[in-house]
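Shown below is the structure under consideration.
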Ligand SMILES: [Zn+2]
């Protein structure tokens with residue numbers, strides 16, 4: 001069973017260590033370096049191309065292009081579905097195989113803390129994933145009951161953080177540039193660990209996204225947090241912190257394990273379920289899924305109509321496993 005007690009203290013100690021070591025780091029490729037204001041970048045190293053070597057002018061141009069492309073993806077947070085769809089297949093695979101649970105441990109004023117087990121090669125036994133809901137204030141004010149508001153909130157854009165090294169060294173820069181970081185921002189380009197800027201989430205964040213998408217327990221906890229904030233206006237009341245008890249956490253982590261699935265995989269599953277013959281012929285299901293994905297990228301009237309028709313057909317069938 002994953003231990004959830006003392007999570008807040010443990011997380012703040014890890015964040016403190018992270019901040020201290022970041023302050024001492026002297027091999028950071030800064031935005032000023034990328035803008036070409038200093039030549040210090042040329043003394044640094046990169047793994048672009050597969051081997052460790054000194055950074056050249058050409059690399060700097062490539063980094064600049066990658067960083068600019070990321071800037072064009074800037075938004076206020078990422079939805080759980082976007083996080084899964086934008087992730088690398090390798091990270092999705094790790095989340096499926098190595099991280100079996102993510103427990104909502106603490107909720108307060110639109111911020112949630114999840115505790116996940118760590119992977120097989122980790123130095124620590126658990127990791128902490130933070131999820132901030134930028135739309136929380138709106139959900140509190142939204143007419144309707146708290147559970148309905150919670151159901152909307154789990155589909156809304158999120159800001160994220162994880163205390164693992166994968167997040168820290170490879171992904172935090174990307175997530176910061178996309179406007180989706182929940183904790184310390186990172187503006188140093190990951191020249192050694194992820195020069196191509198691929199991926200968006202670690203296995204712990206991915207597992208957490210699945211819980212947000214599918215868990216009624218999680219929605220109920222979010223509803224409690226909304227209720228707590230709504231009742232704050234009652235004279236004398238304080239905002240309550242919602243914590244999950246050990247017994248509740250054990251019950252949740254013993255529940256069924258949800259699979260991490262991209263939007264395309266979900267479509268393919270529902271197509272297979274809708275058309276039993278297509279399940280024997282997986283290429284048909286895959287073809288339809290990629291058609292839907294292609295249509296989603298287009299905005300002309302015919303494509304939009306086709307997409308809506310296909311989605312309407314899909315919705316008549318429950319999503320398959
Ligand atoms: Zn992580």
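Computed from the coordinates by the stated procedures, all read-outs in this text should not be read as laboratory data. On a predicted model such as this, the values are computed, not experimentally measured, just so you know. Here the Cβ positions follow ideal geometry from the backbone for every residue, glycine too, while neighbour counts run over all protein chains shown.
Could you tell me the extents of the chain's C-alpha atoms along the three principal axes, largest first, rounded to whole Å?
Rounded to whole Å, the extents work out to 58, 58, 38 Å.
How high is the relative contact order of the chain, in percent, with contacts defined as C-alpha pairs under 8 Å that are six or more residues apart?
It comes to 20 percent, rounded to a whole number.
Order 297-304, 193-200, 206-213, 167-174 from most to least packed using the mean count of other Cβ atoms within 10 Å.
In decreasing order of mean packing, 297-304, 193-200, 206-213, 167-174 become 206-213, 167-174, 193-200, 297-304.
Subtract the Cα-Cα distance of residue 245 and residue 125 from 0.36 nm times their separation in residues, and report this length gain in nm to one decimal.
Stretched out fully, the residue 245 to residue 125 stretch lengthens by 41.3 nm.
Given a 10 angstrom Cα cut-off, can you work out which residue in 119, 144, 179 is the most mobile in a GNM of the chain?
Highest fluctuation of the listed residues: 144.
Given the options 101, 21, 87, state which has the largest fluctuation in a GNM of the chain using a 10 Å cut-off (strictly under) for Cα springs.
Sorting by GNM fluctuation, first place goes to 21.
Round to a whole angstrom and tell me the spacing of the C-alpha centers of the stretch 103-164 and the stretch 210-266.
8
Expected output is a single nm value to one decimal: the length gained when fully extending between residue 296 and residue 58, i.e. 0.36 nm times separation in residues minus the C-alpha distance. What is it?
Going from the current span to full extension adds 82.2 nm.
Considering only 108, 142, 127, give the residue with the highest GNM mean-square fluctuation for the chain, with springs between Cα atoms whenever their separation is below 10 Å.
142
Helix-derived [θ] at 222 nm for the chain: sum -39500 (n - 2.57) over DSSP H runs of at least 4, divide by residue count, nearest 500?
-14500 deg cm²/dmol
So how do 49-61, 261-273 stack up, highest first, on mean other-Cβ count within 10 Å?
The peptides rank, most packed first, as 261-273, 49-61.
Here is a follow-up. For residue 8, project a label point 7 Å along Cα to C-beta. Then give me every residue of the stretch 204-247 with its amide nitrogen under 13 Å of that point.
Backbone N within reach: 239-244.
With each label point set 7 Å from Cα along the Cα-Cβ vector, what nm distance links residue 145 and residue 184?
Going from the residue 145 label point to the residue 184 one covers 4.3 nm.
Give me the extension gain from residue 193 to residue 1: residue separation times 0.36 nm, minus the current Cα-Cα distance, reported in nm with one decimal.
Taking 0.36 nm per residue and subtracting the Cα distance, the gain is 65.9 nm.
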